[in-house]
Amino acid sequence: MVEDNIEAAWLVQSWLEWTEVERFHLEWTRNLEEAIKRLAEPGIDVILLDLGLPELNGYKSFQAVDAASRSRIPVVILTSDENPISKDLTMGFGASDYLFKSKTSMIPLRQAILNAICMGRQRPNEEID
């Protein structure tokens, strides 16, 4: 998870580690620089990304982590950016899902992550074999 807000990170962590049945292991970085360093190492199944980061904002944050992962890791956006243009651009560039912090809860977040992992990384209009 790439999130600069400690309260938001804590909430997401509690949602993802809440149940013993479907428990996620979450690694949290506070900025893009840390995230890009971590993406150079193996062991990431999905990236949970906030678009409102200090270094870059909006779809540019997505493009930075997408480039660092060489477009191999699915990215789920969890953001306060409710601008339809941001959503359309980011999804058009290949994000797996786009969730609003103010409108999501534990179950939709968990489902978006599971869907991203199951579907793997696909480009827009790419068909599943």
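Since every read-out is calculated from the coordinates, none of them should be taken as a lab result. None of the values given here were measured: they were computed from a predicted structure. Glycine also receives a Cβ, built like all others from the backbone with ideal geometry; neighbour counts cover every protein chain displayed.
The residue among G43, A8, G92 whose Cα reaches farthest toward the positive pole of the charge dipole of the chain, with charges on the beta-carbon of Lys, Arg, Asp and Glu, is G92. For the chain, the share of DSSP beta bridges that are antiparallel, to the nearest 5, is 10%.
Cα-based values for the range 28-74, radius of gyration first and Dmax second, are 9.7, 26 Å. Computed per residue of the chain from DSSP H runs no shorter than four, each worth -39500 (n - 2.57), the mean residue ellipticity at 222 nm is -12000 deg cm²/dmol. Dipole check for the chain: with +1 at the C-beta of Lys and Arg, -1 at the C-beta of Asp and Glu, and the Cα centre as origin, the magnitude is about 140 Debye. Label separation (K37 vs S14): 2.9 nm, computed from points 7 Å beyond Cα along the C-beta direction.
Taking every DSSP beta bridge with both residues inside the range 43-106, roughly what % is antiparallel (nearest 5)? Numbers along the way, then the final one.
Details: 1 of 8 bridges.
Expressed as a percentage, antiparallel bridges in the range 43-106 total about 10.
Averaging 1/r across all pairs of distinct Cα atoms in the range 1-87 and inverting the result yields a Kirkwood radius of 13.3 Å.
Multiplying the sequence separation of M91 and A67 by 0.36 nm and subtracting their Cα-Cα distance, what value in nm do you get? Mind showing how you got there, number by number?
Values: separation 24, 0.36 × 24 = 8.64 nm, distance 1.51 nm.
Here the segment from M91 to A67 would lengthen by 7.1 nm.
With each label modelled as a point 7 angstrom along the Cα→C-beta vector, the I6-D45 pair spans 2.9 nm.
Taking 19 Å as the straight-line reach from the Cα of K103, the lysines in range (excluding those fewer than 8 positions away in the same chain) are K87.
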